[in-house]
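What follows draws every value from the coordinates through simple rules; no lab data is involved. Bear in mind the structure is a predicted one, so any value in this text is a computation, not a measurement. Neighbour counts are summed over all protein chains in view; Cβ atoms, including those assigned to glycine, are modelled from backbone coordinates with ideal geometry.
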Amino acid sequence: MRDERPVLVLSELDDYTADAVIMELRKRDVPVVRLDPGKDFPSTVTFAVRLDDAGRWTGDLMTGTRRLDLASVRAVYRRRPSPHTPSPELDEQDACFAAKEARHGFSGILANLPNCLYVNHPDANRAADVKVRQLKVASNLGLRVSTTLVTNDLGQARAFAAEQGQVVYKPLTFVRYLTPDGPQTIWTRPVHADEIDETVAGTAHLFQSLVDKVADLRITVVGEEVFCVRIDSTPPQLDWRYDYDRLTYTWCDPPAELIGPMISYLRNFGLAFGCFDFGLTERGEPVFFECNPNGQWGWLEEQTGAPITAAFADLLKGGA
């Protein structure tokens, strides 16, 4: 008998990754409802929910063509929903108020559905996106982490660089600058003690001992399915994202000692999925760099054939 409970996919319209997962779900005869909360609500979506005696939000969501019983949702794939933005039809104060109410009301309900699997829950993603917490949890789980300093003290920064010999600077969060040449970001880059100046006092900075790596590992964990891709570049790049044209990819077995700690890492944050980045030393030792709780993986499947989309579909089909 067919399970009629749908998977709710929350993402913007132009999202190849969400499209691929939806196609896999349909191959498995799983009903799918797709929404982009920031764009679709309230223009094409209405909803009404009540808090029942068991403390659950229940009710219906209606689009122009479908009616969704929110209590029937088996899983939510929160891929890349657009943020709620102020309506140009309202004055500035009313528009900001309406956008905030939509975020707390409509998206708040979508983040609190009963008996539902989230991949991933927005609260878990926010907690897991904090770099200093990532490093602490990874270290506590036995993953090797490069010696790290976070500071806005010029003397401490210079002393750390001199002590470690070779260090890199990394932003603590993803930054995108809009320039006449298009969007740009800040890459991981090497720094020397004499390059660090008074501007370090202006905000928090993260410095780490340089990892002498020969390759990178991008490990995508979906539930308990682990997909490891080795990324090589010629010549080697400190930050492989800098030039994708110089990269080659090899789907390989993950280092066995990483599997347990990575799954424990996800459980620590309440995540069902994450993309881990490791540097691989010449001796074959993986060094933890970060885990993106909503990372990209579609191009890795295209390059290597690793069946990551199928793993997502299986996870979402299973539900809570």
Please identify every one of the GluC sites (Glu not before Pro) in the stretch 215-281 that sits in a loop by DSSP and has no more than 13 other beta carbons within 10 Å of its own beta carbon.
-> Glu224
Size of charge dipole - the stretch 43-106 - debye, nearest 20, with Cβ of Lys, Arg +1 and Asp, Glu -1, no other charges = 560
Karplus 3J(HN,Hα) series, Hz, for the stretch 192-200 with 6.51 cos²θ - 1.76 cosθ + 1.60 (x for Gly, Pro) | 10, 3, 6, 8, 7, 10, 5, 5, 4
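Once Rh for the chain is found with the Kirkwood sum over Cα pairs, what is the Stokes-Einstein diffusion coefficient at 25 °C and 0.890 mPa s, in µm²/s?
Numbers: Rh = 21.9 Å.
Rounded, D is 112 µm²/s.
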Taking neighbour Cβ counts within 10 Å as the exposure measure, how do Val222, Val287 sort from fewest upward?
-> Val287, Val222
Dipole magnitude of the stretch 68-200 about its Cα centre, charges +1 at Lys/Arg Cβ and -1 at Asp/Glu Cβ only, in debye to the nearest 20?
-> 840
Taking each pair of different alpha-carbon atoms in the stretch 212-318 once, compute 1/r for the pair, average those values, and report the inverse of that mean as the Kirkwood hydrodynamic radius in Å to one decimal.
-> 14.2
Among chymotrypsin sites (Phe, Trp or Tyr not before Pro) in the stretch 145-221, those in a DSSP loop whose Cβ has at most 10 other Cβ atoms within 10 Å are Phe174
Using a ≥ b ≥ c from the Cα gyration tensor of the stretch 78-160 (square roots of the eigenvalues), is it rounded, prolate or oblate, where a/c under 1.5 gives rounded and otherwise the larger of a/b and b/c decides, a/b for prolate?
-> oblate
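When DSSP assigns beta bridges and you keep just the ones with both residues in the stretch 7-119, what percent turn out antiparallel, to the nearest 5?
Details: 9 of 21 bridges.
Percentage antiparallel, nearest 5: 45.
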In Hz, Karplus ³J(HN,Hα) per residue of the stretch 274-280 (6.51, -1.76, 1.60; θ = phi - 60°; x = Gly, Pro) | x, 10, 9, 10, 10, x, 10
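Taking 25 °C and 0.890 mPa s as the conditions, I'd like the Stokes-Einstein D for the stretch 9-60 in µm²/s, using the Kirkwood hydrodynamic radius from alpha carbon pairs. Before the final figure, lay out the partial values.
On the way: Rh = 13.1 Å.
D = 187 µm²/s.
Report the charge-dipole magnitude of the chain in Debye, nearest 20, computed about the Cα centre from +1 at each Lys and Arg Cβ and -1 at each Asp and Glu Cβ. Working shown, then result.
Working: 34 positive and 45 negative charges, 177 e Å.
About 840 debye.
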For the stretch 7-119, convex hull of alpha carbons as volume per residue, Å³ | 106
Amide H of Ala75: which non-local residues (sequence gap of 5 or more, or other chain) have their own amide H closer than 5 Å, using H built in the peptide plane?
-> Leu8, Leu117
Of Thr188, Thr250, Thr44, the most mobile residue in a GNM of the chain (C-alpha springs, cutoff 10 Å) is Thr44
Could I have the simple spin-label model distance between Ser139 and Val175, label points 7 Å from Cα toward Cβ, reported in nm to one decimal?
-> 2.3
Where does the Debye-calculated log10 I(q)/I(0) of the stretch 147-209 sit at q = 0.13, 0.24 Å⁻¹, using only Cα point scatterers of equal weight, no solvent?
-> -0.36, -0.97
Here, Asp253 and Asp94, labelled 7 Å along Cα→Cβ, have an inter-label distance in nm of 6.5
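Looking at the chain, which longest stretch skips every one of the trypsin sites (Lys or Arg not before Pro) that is in a DSSP loop with at most 14 other Cβ atoms within 10 Å, leaving the sites themselves out?
Excluding the exposed sites themselves, the longest stretch runs over 67-175.
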Projected onto the charge dipole of the chain (unit charges on the beta-carbon of Lys, Arg, Asp and Glu, signs +1, +1, -1, -1), the Cα from Ala75, Phe41, Phe273 with the largest positive-side position is that of Ala75
What's the local net charge at Gly298, with K and R +1, D and E -1, over the other residues with C-beta under 10 Å away?
-> -4
Ranking Val167, Thr85, Ala111 by how far each Cα lies towards the positive end of the charge dipole of the chain (+1 on Lys and Arg Cβ, -1 on Asp and Glu Cβ), the top one is Ala111
